[in-house]
């Protein structure tokens, strides 16, 4: 930005773009910062763009000096990993990119220049905000509702075995595997991962992988259905693995009774999870089985009111255990489904639903 009649500019934006096959090292961020400092005496704003994420040390430096950091593989596939804004000098709104530390000299900016700075910053910020908010469109993620996903699942269940719907039969691993191989022409493979990867789906190769550690466990069927959810719902998806891995996971908000969906990964994984739940625990069949199980335990049909009485919690544990056994899923899946269908009312003064579910986390992984 050159003020009228000035002999040097008073504001400069420096943008560096890098292509890496590994995480951006500390040295490169330090070098970029050093270049910025060389133009000291004026107000400098720095933006660093890379196709790879930053190392932790590099991220800390960028954050401390006020850089804007963008990581992505294309203009249609990126994530703002660091977007620190400062309050606008006049309005107090968070719409101004910060100056890089040690280069800012606000005294050389007149009021007219500040207004121009505000316009430039606002344009930059809003462009990225607009793209970031519309990532579901850019990535070809269909914003499917619960009802949409349930309809998909019911059609598939009708194709697998009509009795699953008409007579409330549970879906088995073998039935789903046969359907995937014969009707969807999906290749199923086993793999070993001792850390956290339980399953994966390669849509282009029509292949689904299941961790051998969960084969035969209460998690097997749900993971298989979850990966099938990706295969069935996300054929048009356009997002690189590198960008996908940078998005944070969603968290279940028990106050709102829903997942917080804030980024593309949240939407993608929620859709696959809800598809799996709808396929394995279709609402009418789930409710019918719940009533039958409540009858067998001499419990009142319908909503379960959980409190802190010992016998009440024992009954609830027995109820979820029997339901999980019938549908071949974990007790955690049963609790989530009951809560989603508003069939579980928590009257406990000691534990939230989230804490209750955490007690069942041991069934996320099979015991040796």
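Worth a mention:
- Label-point separation, residue 101 to residue 145 (7 Å along Cα→Cβ), nm: 4.9 nm
- When 44, 192, 65 are arranged by Cβ crowding within 10 Å, least crowded first, meaning fewest neighbours, the order is 192, 65, 44.
- Taking other Cβ atoms within 10 Å as a rough exposure proxy, 236, 331, 292 sort from fewest to most as 236, 292, 331.
- Placing pseudo-labels 7 Å out from each Cα toward the beta carbon at residue 165 and residue 17 gives an inter-label distance of 5.0 nm.
- In terms of other Cβ atoms within 10 Å, 200, 267 run from fewest to most in the order 200, 267.
Since every read-out is calculated from the coordinates, none of them should be taken as a lab result. Fair warning: this is a prediction, and the values are worked out from it, not measured in the lab. Cβ sites come from the backbone with ideal geometry, for glycine too, and all protein chains shown count toward neighbours.
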